[in-house]
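Asks: One structure, as structure tokens, below. Some questions next.
Values quoted throughout were computed directly from the atomic coordinates according to the rules given, and no laboratory measurement underlies them. Because the structure is predicted, anything quoted here is derived from the model rather than measured. Cβ: placed from backbone, ideal geometry, glycine included. Neighbour counts: every protein chain shown.
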Amino acid sequence: MFTRIGVIGAGQMGAGIAQVIATAGLSTILFDAQTDALSRSIEGIHKRLDQAVEKGKLDASGRDQTKRNLAAAKGLNDFADCDLVIEAIIENFEIKATLFKELDSIVKPDSLLVSNTSSISITRIAASTSRPEKVMGVHFMNPVPVMKLVELIKGLQTSTETYDAIVSFCERIQKTTVLGIDTPGFIVNRILCPMINEAIFLVQEGVRPEDIDNAMKLGTNHPMGPLTLADFVGLDTLLYILQLLHRELGEDKYRPCPLLTKYVEAGWFGKKTGRGFYSYA
């Protein structure tokens, strides 16, 4: 069983992953190359824990213990004694491969390295290490503290032992797992992104975003409309995934809507920039 977990990337996903692991009682260290981003992330986790206590979702002792379980790492060398390292950085293969190669030379030989990628081949990432059998994909859903699902992706050389260990770990942090295949988009994004893309085509053709979202919420019982969801995911992230699906799978059903491209070119990435298909104060 893992006792010390490392998380690399202190953005929304990395912070959420670190919070969930620390809440489950495991020693957790969080790192980001940008020191300011790391500090803001730790502060944000503490604030969310305080809010959970105020709402009665967590008791004060649980909050205090979670805070003690979480620490900021000063550099990658701090991950040397981790049993498991989770990467949650930018969706760029070259950057991820470089990181995994460096981690491979730092962490213990029997430690596992996993990626939170939503679309990049785990087999390719694993090939940058000397331990491909100990590498796999563990794709959390956003927001991590709320969403119960984790997609597990085995690379070509991922061992059964690695898979079993990760399943047990996910159970420990109270997540439900599904096993996907090592192709772009895995399960959720391969189905979800084309659906959102089709909704954007409807906007391009003149349908109001709020009407599309209400139709899907009331007509198919979705808790959130596809365009609201797109704004929360980030339109830049959505565009990247669609481009990757289109390029790697070669099917026009993944072709990004031109309106999506225009929004991203305008800097309208959704909630994080204050403007997407909706405006955010």
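Asks: Using θ = phi - 60° and the Karplus curve 6.51 cos²θ - 1.76 cosθ + 1.60, what whole-Hz ³J(HN,Hα) does each residue of the stretch 201-207 get, with Gly and Pro shown as x?
Replies: 4, 5, 4, 4, 8, x, 7
Asks: Further, regarding this structure: Against the longest alpha carbon principal axis of the chain, how many degrees, from 0 to 90 and to the nearest 10, is the axis of helix 12-23 turned?
Replies: 40 degrees
Asks: Further question on the same structure: Any idea how far apart Thr160 and Lys101 come out in nm if each label point goes 7 Å out from Cα toward Cβ?
Replies: Roughly 3.3 nm, to one decimal.
Asks: Whole-Hz Karplus ³J(HN,Hα) for the stretch 173-179, in order, using 6.51 cos²θ - 1.76 cosθ + 1.60 and θ = phi - 60°, x for Gly and Pro?
Replies: 8, 6, 10, 9, 10, 10, 9
Asks: Classify the stretch 52-183 as rounded, prolate or oblate from the Cα gyration tensor: take a ≥ b ≥ c as the square roots of its eigenvalues, call it rounded if a/c is under 1.5, otherwise prolate when a/b beats b/c and oblate if not.
Replies: Prolate, because a/c is 1.5 or more and a/b exceeds b/c.
Asks: Follow-up. Report the extension gain between Phe232 and Val146 in nm, rounded to one decimal, defined as 0.36 nm multiplied by the number of residues separating them, less their alpha carbon distance.
Replies: Length gained, Phe232 through Val146: 29.6 nm.
Asks: Quick one: angle between helix 35-54 and the longest Cα principal axis of the chain, in degrees between 0 and 90, rounded to 10, please.
Replies: 80 degrees
Asks: Counting alpha carbon pairs within less than 8 Å and at least 6 residues apart, what relative contact order, in whole percent, applies to the chain?
Replies: So the answer I get is 13 percent.
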